[in-house]
Amino acid sequence: MNGLDLMPLFRGLLWTITLTGGAFLIGSVLAVPLLLARRSRVWLVRFVAMSVIQIVRGIPPILWLFIIFFGLGMGFLPVSPFGAALAGLGLIAAANMAEIYRGALSSIHFGQFEAANALDLGRWSTFRDVVAPQAFRVALPTAASYLIGLMKETAVASTIGVTELAFHGKQMSQLTFRGLEVYALVGLFYIALSLPVAWASRAADSRLRARVAR
Amino acid sequence: MIASDKTLIRLNGLSKHYGRLTVLDGIDLEVKAGEVLAIIGPSGSGKSTLLRCINYLEPPDGGTITVDDIVIDAGNPIGRAALSGLRRRVGMVFQSFNLFPHMSVLRNISLPQERVLGRSRKEADARSMQLLSRVGLADKAEQFPIRCSGGQQQRIAIARALALDPEVMLFDEPTSALDPELGLEVLAVMRELAKSGMTMIVVTHEMGFAENVSDTVMIMADGNIVEKGPSKEIMRNPQHERTKRFLRAVHDR
Amino acid sequence: MLPDFTEITAWMPDLMSGFKISLQVTFFSLLIGIPFGLVLALGVMAKGRVIRAISLFAVEVGRGAPALVLLQFIYVGLPSAGLMVGSFMAAIAALAWNTGAYTSEIIRASLLSIPSGQREAAEALGMKRLDELRFILLPQGLRVALPALLGFSILIFQSTSLCFTIALPELVSRAYEIGSITFRYFPVLLLAGLLYASISIPAALLVDFIEKRAGKFASR
């Protein structure tokens, strides 16, 4: 790899991390009201929430970024490339995280709710002391692998000009005419970035597992 | 009723270890053609492992296995020809039946005949139907295994093994997964099979079968043979303290 | 903000021909990628160390790198190594690789989920390894894998949108082009989104349904 200046890739890496972290944070928070709506007792609310989730997941991420950046950005409400990417990926993350939360909740045996009822714990305590800790443990590995997936998804932000990893890769390959090496490197950067997340998730999972000691 | 004096199976110094744990401690054993041998003993005594080593589902670490004209030295890697010769001569019935859930009962019995013996579909199906009638389940041919009771599934599994015309049948606790009532129908099939002269090695907890159907009973403990002899003698008048203790424990249950 | 009727009729032929290319790329990527996934799954489970290492490498890179980077790698990278590939072929090669890598994990997990007794029974009956795979393991494994494979197929369908970056005239490219000419980005992108959703959403509901039915079947 002699002669390739890697600095741009590291600068891009920083933006990839920022975008991933930001979108994941937005998604994790927005997913909560979305999940509550999804489990609402009112039929209409449930239906709307479900439709939102399906539509967000049913359209490719790149198109969401285009809709926000070009569609809304040109004329309606001007938005920076990074802002558009953050909004689009955050929206997608919210829909996916809501499904992950839902999966975790539904994995809890109904006997747990019955037991909590029988002990007269009350709704809040049932959630905080019984449901949430168990659901968290189930959701953690899924959420971690989603985080890795989201990190790779952020590569689409390069198409609207966010100067993240894939963007610098493209620029570098156009400057040097060494696409094979450049993209191999870029791929390696993404893989390297996913390793600490996978590692942390596994470590956290085994610690939680050890504490519950089933 | 031992049909002949010909030795069909001979094990010499068969041993098996899991790490530092010795599961089989140099087993020597002879089984004559037509003999029905019941192996009993506490769990963890190595009796299932012994059975699974005989047809190489678990490769033993040492010793030799002789089945008919096939001789296998467990110290060396087994060749393809020897392995398929061994499997061809030895049929096996599992505790958990292991029928193929995605095939009809008939396909379960016919497919191995087609793939292993090269029989035509028609030949194989004819043989399958004949065996299904023999175990009393001809009407189940087109059903899927999930629609059959455990006892029926085990009888089908016996038919499946018999369809390959083995010289010896191994039974690994064939009734342990069954309700007592369903176990009886399996035992009835096994008794009929014993009468027909099939050579059988049966790992079992059914003391009635050991005493009344088998010719020979062998007690195992800790990877060793404690004692072995004619079934009535062993069951009624055991010599070893370990055997007495085991039989008492079984009776008290 | 919404497209009006004359716009829709004017844009539709172009969008539909892009949509057709998106579907073609999806079809060929899956057609090549899923059998490739099976090969990789068997490779990862193989006894030979070299085969295992190569398969593992193909899987880790195919899953670890973003599909967009795989596309660029093949489309931009291979020509710089002296191998010209058109954008259509590059799209299929990259997405088939991506498919193979992901589906190999799905297929491997489903093969491992088959009770060990099935293997033992086939072995005890003296069946050859290939027969065991063909008649016993694969039919059961693929049944388990089906919902996940379908779910992944939806993702690959959506991933064809990334082919925008290698100048393949698929749906997003067409929509973007129309947008840049008419400056009516929002309505035309919305229309393209609807076309994607018209496949993705029914397919997702179908997967849900199959999963639920499979769950019921398993709990019987």
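The values are calculated or read from the model by the stated rules, or taken from the named source; none is laboratory data. This is a predicted model, so every value here is computed, not measured. Here Cβ is always computed from backbone atoms with ideal geometry, including for glycine, and neighbour counts include all displayed protein chains. To get the accessible areas, we keep the full protein, side chains included, count just its heavy atoms, and leave off ligands, DNA and RNA. Shrake-Rupley method; radii C 1.70, N 1.55, O 1.52, S 1.80 Å.
In region A:167-185, what residues are exposed (fewer than 15 other Cβ atoms within 10 Å of the Cβ), assigned to a helix (DSSP H, G or I) and at the interface with chain C (Cβ under 10 Å from one of its Cβ atoms)?
A:GLN174, A:THR176
Could you tell me whether any residue of region C:121-128 is open to solvent by 60 Å² or more (accessible area, probe 1.4 Å) and closer than 22 Å to C:LEU30 by Cβ?
No, that holds for no residue.
For A:ILE26, state whether it is in a helix (DSSP H, G or I) and touching a Ser or Thr at 6+ places or on another chain (Cβ under 6 Å).
Against the criterion (in a helix (DSSP H, G or I) and touching a Ser or Thr at 6+ places or on another chain (Cβ under 6 Å)), A:ILE26 does not qualify.
In this structure, is C:LEU205 within 12 Å of another protein chain (Cβ to nearest Cβ), within 19 Å of C:PHE19 (Cα to Cα) and either part of a helix (DSSP H, G or I) or open to solvent by less than 60 Å² (accessible area, probe 1.4 Å) (or both)?
In short, no.
How about region A:36-64: which of its residues are among the hydroxyl-bearing types (Ser, Thr, Tyr) and under 18 Å from the mean Cα position of the chain (by Cα)?
Selection gives nothing.
Mind telling me which of the residues B:VAL135, B:VAL168 ends up being out of contact with any strand residue (DSSP E or B) (no Cβ under 6 Å at 6 or more places or on another chain), buried (at least 22 other Cβ atoms within 10 Å of the Cβ) and hydrophobic (A, V, I, L, M, F, W, C)?
B:VAL135
Anything in region B:199-217 that is open to solvent by 30 Å² or more (accessible area, probe 1.4 Å) and either farther than 25 Å from B:ALA249 by Cα or in a helix (DSSP H, G or I) (or both)? List them, or say none.
Passing the criteria: B:GLY208, B:GLU211, B:ASN212.
Can you find a residue that is in a helix (DSSP H, G or I), surrounded by fewer than 20 Cβ atoms within 10 Å (Cβ to Cβ) and within 14 Å of chain A (Cβ to nearest Cβ) anywhere in region C:142-149?
Yes; the residues of region C:142-149 include at least one that is in a helix (DSSP H, G or I), surrounded by fewer than 20 Cβ atoms within 10 Å (Cβ to Cβ) and within 14 Å of chain A (Cβ to nearest Cβ).
Let me spell it out: the conditions are (1) within 20 Å of B:LYS228 (Cα to Cα); (2) within 14 Å of chain C (Cβ to nearest Cβ); (3) without any contact (Cβ under 8 Å) to a residue 40 or more places away in the chain, and B:TYR56 meets all of them except one. Which number is the exception?
Every listed condition holds for B:TYR56 apart from (1).
How many residues are crowded, with 19+ Cβ neighbours inside 10 Å and either farther than 23 Å from C:ILE74 by Cβ or in contact (Cβ under 8 Å) with a residue 24 or more places away in the chain (or both) when one looks only at region A:186-214?
Adding up the residues that qualify gives 4.
Please verify whether region B:88-103 includes one or more residues that are under 19 Å from B:THR49 (Cα atoms), open to solvent by less than 20 Å² (accessible area, probe 1.4 Å) and out of contact with any Asp or Glu (no Cβ under 8 Å at 6 or more places or on another chain).
yes
Out of all the residues in region B:19-26, is one or more farther than 18 Å from B:VAL202 by Cβ, buried (at least 19 other Cβ atoms within 10 Å of the Cβ) and among the charged types (D, E, K, R)?
The answer is no, given that none of the residues of region B:19-26 is farther than 18 Å from B:VAL202 by Cβ, buried (at least 19 other Cβ atoms within 10 Å of the Cβ) and among the charged types (D, E, K, R).
Select from region A:142-166 the residues that are touching a residue at least 24 places away in the same chain (Cβ under 8 Å), farther than 15 Å from A:LEU86 by Cβ and either in contact with a Ser or Thr (Cβ under 9 Å, 6 or more places away or on another chain) or within 11 Å of chain C (Cβ to nearest Cβ) (or both) and list them in ascending order.
Matches in region A:142-166: A:ALA143, A:ALA144, A:SER145, A:LEU147, A:ILE148, A:LYS152, A:LEU165, A:ALA166.
Let's see how each residue does on (1) in a loop (DSSP other than H, G, I, E, B); (2) among the hydrophobic types (A, V, I, L, M, F, W, C):
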site: B:GLY151; (1), (2): no, no
site: B:LEU164; (1), (2): yes, yes
site: B:LEU187; (1), (2): no, yes
site: B:ALA194; (1), (2): no, yes
site: B:MET220; (1), (2): no, yes
site: B:VAL226; (1), (2): no, yes
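When you go through (1) under 23 Å from C:GLN140 (Cα atoms); (2) open to solvent by 50 Å² or more (accessible area, probe 1.4 Å); (3) within 14 Å of another protein chain (Cβ to nearest Cβ) one by one for B:GLU142, which number turns out not to apply?
Tallying (1) under 23 Å from C:GLN140 (Cα atoms); (2) open to solvent by 50 Å² or more (accessible area, probe 1.4 Å); (3) within 14 Å of another protein chain (Cβ to nearest Cβ), B:GLU142 fails exactly one: (3).
For region A:57-87: of the residues being facing chain C (nearest Cβ under 7 Å), in a loop (DSSP other than H, G, I, E, B) and touching a Leu at 6+ places or on another chain (Cβ under 9 Å), which is nearest to C:ALA67 (Cα to Cα)?
Among those residues, the one meeting the criterion is A:PRO60.
Would a scan of region C:117-132 turn up a residue that is polar (S, T, N, Q) and over 24 Å from the mean Cα position of the chain (by Cα)?
Checked against the condition, which is being polar (S, T, N, Q) and over 24 Å from the mean Cα position of the chain (by Cα), region C:117-132 yields at least one hit.
Scan region B:91-105 for residues that are facing chain C (nearest Cβ under 9 Å) and hydroxyl-bearing (Ser, Thr, Tyr) and jot them down.
Scanning region B:91-105 gives a single hit, B:SER96.
Being within 15 Å of B:SER48 (Cβ to Cβ), open to solvent by 40 Å² or more (accessible area, probe 1.4 Å) and of a type in the set (Gly, Ala, Ser) is the requirement here; does B:ALA177 meet it?
yes
A:SER106 - would you say it is of a type in the set (S, T, N, Q) and open to solvent by 60 Å² or more (accessible area, probe 1.4 Å)?
Judged against the criteria, A:SER106 is a match.
Given the condition basic (Lys, Arg) and assigned to a helix (DSSP H, G or I), answer yes or no: does some residue in region B:18-40 qualify?
Among the residues of region B:18-40, not one is basic (Lys, Arg) and assigned to a helix (DSSP H, G or I), which makes the answer no.
B:GLN130 - would you say it is open to solvent by 20 Å² or more (accessible area, probe 1.4 Å), within 14 Å of another protein chain (Cβ to nearest Cβ) and under 29 Å from B:ILE9 (Cα atoms)?
No, not satisfied.
May I ask you to list the residues in region C:99-116 that are open to solvent by 10 Å² or more (accessible area, probe 1.4 Å) and in a helix (DSSP H, G or I)?
Matches in region C:99-116: C:TYR102, C:GLU105, C:ILE106, C:ARG108, C:ALA109, C:LEU111, C:LEU112, C:SER116.
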